[in-house]
Amino acid sequence: MTEVYSIDPLIIKTPYEITYKHSYGKTSRFFTALSSGKLMATRCEHCKTTFLPPRSDCPYCLAETKWVEISGKGKIHTFSTLYFSGERFLKDLPFQLVYVDLEGVDTLFLTRLKTKDMKKVKVGMKIRMKISRDPEWRSSDVWAELDE
Amino acid sequence: MPRKVAVVAGGLSYFSKARRDKTQEELAAEAARMALFDNDINLSKDDIDGTIVSYFSDHFENQLLFGSIIQDYLGFNPKPSVRIEGGGATGGLAVRDAYAHVASGLLDVAMVIGFEKMSEVNTAKGNEFIALASDTDWDFPIGGFYSGYYALMAKRHMEEFGTTEEQMAMVAVKNRNNAQHNKFAQTNPKMNPFGMKDGGKITVDDVLKSPYVAFPLKRLDICLMSDGAAVLILASEEKAKKITDTPIWITGTGAGTDAMRAGDRPRTLSGVPILPHEKKEWYKNLEYPGVHSFRAGRESARQAYKMAGITNPLKQLDLIELHDAYTSSEIQTYEDLGLTKYGQGGKLIEEGVTALDGELPVNPSGGLIGTMHAVGATGVMQGVEMFWQLQGVAGKFHGSDKTQIKNAERGLIHSHAGTGTYVTATIMER
């Protein structure tokens, strides 16, 4: 039965659901390495740039990159506390997002910062990346915690 | 050699959070009718040689190939048509594409039709759809969405340059209050029959007291989500002179790009593309673009200024309509456009330079914060606004003379996607 929302103008409700079979391709290794406790980035040996999120191909040289393990230590480059979000994350609110500047990585990595005291967070604070023991095979399988 | 290209007509629909009274194609017809019948032109619908259709999302309406529905609904079959999509910059890219179609001789008279109807899903789902225009492998699954991304960039801008939440609030007040003299504006309940009931003027205090959506951005720092349409008609020099006595020429256009994930952008010393009035040594200690500045915006401006012969934008431009998705991004864009040095954008709003009565008014229409952000229509709306301003007829269309910039001869429209992934800048002149 079609659900009618209004008569004038006539407005009907139509649900829509879809499942994608999404391949991580050559970056799959980032996720599989997490299960052995390793945080991996990719590095272009040609221009010496290290990428996280990993890129299989260097955007500067178009050379193929190599996997390298990183320490997961770093600093907060900038942060935000979110009180609203897309529909599927409303249940998590409020939460914090940070760009972290990780040791040995040239790009900034966007991740959640998990801390009990969100008010004390400042740019420049040291963090350490954590890995979930219960993988969802998404980028949310890693996050930052303050390294005190 | 490309042909000279003019804008000869423009039209808008009323903008609203939800235009449930009309379908998307009916909204497009509302704007097209105004463009064809309410401008002082000698042009019939049959003189249009083809269309450039500008809309962002297939998700909001759950309809692919909407361009074909529009082309049919407005009665342009079997003439040529193309759909342009580039996130928030869809409209600016469409205007630029129409320019290219006419400049190249492919079309003599082109209609740009921009529209979006965002109200058929709830606001959180709408934010999620927009967030799908960020990297869905890495940035979206952690709870990323656009206000969050812009908040991160705004916080870095504050950290890097000392920009304040008060300065951002001043942008919201300027744009929202400008919109109170524009009958098309969503936040203008007095003049727009579809305007929001809790619209009207605001103060800096109202902005600062509005709830945080993503620190440091508050509800009133953030643009609208809208239903509506905008239509612009472009013509070759030969045709334009027959259509109108006051054609508005497109004298420059530029487009820039940057990494989808803002974190992937370089942080290079001396990396700023320098404009003619700037000195390289100003920025020798600035890591650029990082996440505090929009390199694509700077690149688009650099190209447009070069093409139009602009060497000092603050002096040579009379007004700007720019993509104020967030108050912070208006401040960042002042710097990208070279209106002031990088880091000084907050001071520019503080000094009133970009106010309606300032040296270089920015967003006299009310912009995305005060008037509308119906994504595919937005950049086209800026073109319509600039066209009316340069013709000196903004008051007639807005229903109030307060927004008309006196003796405006040259202006810039700026359209911006993602976290600065695609940006266009286009110069229009009387």
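Have a look at the DSSP beta bridges in chain B and tell me what percent are antiparallel, nearest 5.
The antiparallel fraction comes to roughly 75 percent.
Taking all pairs of distinct Cα atoms, average 1/r, flip it, and tell me the Kirkwood hydrodynamic radius of region A:25-146 in Å to one decimal place.
Taking every pair of different Cα atoms in region A:25-146, averaging 1/r and inverting gives 15.2 Å.
On average over all directions, what projected area in square nanometres does chain B have, based on the convex hull of its Cα atoms?
So the mean shadow area of the Cα hull is 18.3 nm².
If I model a spin label at A:Lys38 and B:Lys45 as a point 7 Å from the Cα along the Cα→Cβ vector, what separation in nanometres do I get?
6.6 nm
Given just the C-alpha atoms of region B:181-331, how large is their convex hull per residue in cubic angstrom?
188 Å³
Give, as ranges by residue number, the residues of region B:1-29 whose backbone N falls under 17 Å from the point 7 Å along Cα→Cβ of A:Asp8.
Once the point is set 7 Å along Cα→Cβ of A:Asp8, B:20-22 turn out to lie under 17 Å by backbone N, inside region B:1-29.
Using only DSSP helix segments of four residues or longer, with each worth -39500 (n - 2.57), what per-residue ellipticity at 222 nm results for the protein assembly as shown after dividing by its residue count and rounding to 500?
-8000 deg cm²/dmol
Taking H as built 1.01 Å from N, whose amide H comes closer than 5 Å to the amide H of A:Phe95, not counting residues under 5 places away?
The answer is A:Leu82.
Which of the aspartates and glutamates could a cross-linker bridge to B:Lys190, judged by Cα under 18 Å and excluding same-chain residues fewer than eight apart?
B:Asp198, B:Asp401
Take the alpha carbon atoms of region B:27-91, find their radius of gyration, then divide it by 2.2 N^0.38 Å using N residues; give the quotient.
1.19
Only Lys, Arg, Asp and Glu count, each charged at its Cβ (+1, +1, -1, -1), so figure out the dipole size of chain B about its Cα centre, rounded to 20 debye.
480 debye
In the calculated pair distance distribution of the protein assembly as shown, what percentage of Cα-Cα distances lie above 43 Å?
The proportion of pairs with Cα distances above 43 Å equals 18 percent.
Fewest Cβ neighbours within 10 Å first, please rank A:His46, B:His414 accordingly.
By the 10 Å Cβ count, ascending: A:His46, B:His414.
Only Lys, Arg, Asp and Glu count, each charged at its Cβ (+1, +1, -1, -1), so figure out the dipole size of region A:25-146 about its Cα centre, rounded to 20 debye.
Dipole about the Cα centre, nearest 20: 400 debye.
Of the listed pairs B:Lys209/B:Lys402; B:Lys218/B:Lys315; B:Lys279/B:Lys347; B:Lys155/B:Lys279; B:Lys174/B:Lys280; A:Lys91/A:Lys114, which have alpha-carbon separations greater than 23 Å here?
From B:Lys209/B:Lys402; B:Lys218/B:Lys315; B:Lys279/B:Lys347; B:Lys155/B:Lys279; B:Lys174/B:Lys280; A:Lys91/A:Lys114, over 23 Å: B:Lys209/B:Lys402; B:Lys218/B:Lys315; B:Lys155/B:Lys279; B:Lys174/B:Lys280.
Please list the non-local residues whose amide H lies under 5 Å from the amide H of B:Ile248, H modeled 1.01 Å from N, same-chain partners needing a gap of 5 or more.
Amide H neighbours of B:Ile248, under 5 Å, 5+ apart: B:Val7.
Output ³J(HN,Hα) for region B:277-291: one whole-Hz value per residue in order, computed from phi by the Karplus curve 6.51 cos²θ - 1.76 cosθ + 1.60 with θ = phi - 60°, and x for Gly and Pro.
8, 9, 10, 4, 5, 4, 10, 5, 9, 9, 6, 9, x, x, 10
If you average the C-alpha positions of region B:372-430 and of region B:194-230 separately, how far apart do those two centres end up, in angstrom?
20 Å
Give me the Kirkwood hydrodynamic radius of region B:266-377 in Å, from all C-alpha pairs, to one decimal place?
14.6 Å
If you place +1 on the Cβ of every Lys and Arg, -1 on the Cβ of every Asp and Glu, and leave all else neutral, what size is the dipole of the protein assembly as shown about its Cα centre, to the nearest 20 Debye?
Computed charge dipole of the protein assembly as shown: roughly 1160 debye.
FYI, it's all coordinate maths here, none of it is from the lab. If you're wondering where the values come from, they're calculated on a predicted model, not measured in any experiment. For neighbour counting, all protein chains shown are included, and Cβ atoms are generated from backbone atoms with ideal geometry for every residue, glycine included.
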